[in-house]
Amino acid sequence: METLVGKENFRSILRKYIKKFISKSVTHEDFRELWEAEVKSLYKEEEAKNILSKFNWDEWLYKPGQPVQKFDFSNNKININKIIYRKQIHR
């Protein structure tokens, strides 16, 4: 979740969650509702939809084991350097 919204936004959401539900019994639905509302308030509609679509609640909550994470290890600086290198070679 933190990777989807960034460290500061994630911490802000957690603070709001704790403040709202302090000394109360909560369910994962409570957290999900707050999470979705906060993402929608932090981002424009299209970006919020994109972020919310990337988190698979069913996989996290109802399947055994830890969900498989997909990471993008591409680095734009490396890619840009490769392009510059190729252009210099083909001069």
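Before moving on, here are some points about what is shown:
- Percent breakdown of C-alpha pair distances by 5 Å bin, ordered from the shortest bin, for region 14-64: 4, 18, 25, 21, 19, 10, 2
- FRET efficiency for the pair Tyr43 and Val68, taken as 1/(1 + (r/R0)^6) with r the Cβ-Cβ distance and R0 = 25 Å, rounds to 0.50.
- Contour excess over end-to-end distance, with Cα ends at Trp60 and Ser25 and 0.36 nm allotted per residue: 10.6 nm
Where a number appears in this text, it was derived from the coordinates with a stated rule and is not lab data. Computed from a predicted structure; not experimentally measured. Note: ideal-geometry Cβ built from the backbone for every residue, glycine included; neighbour counts use all protein chains shown.
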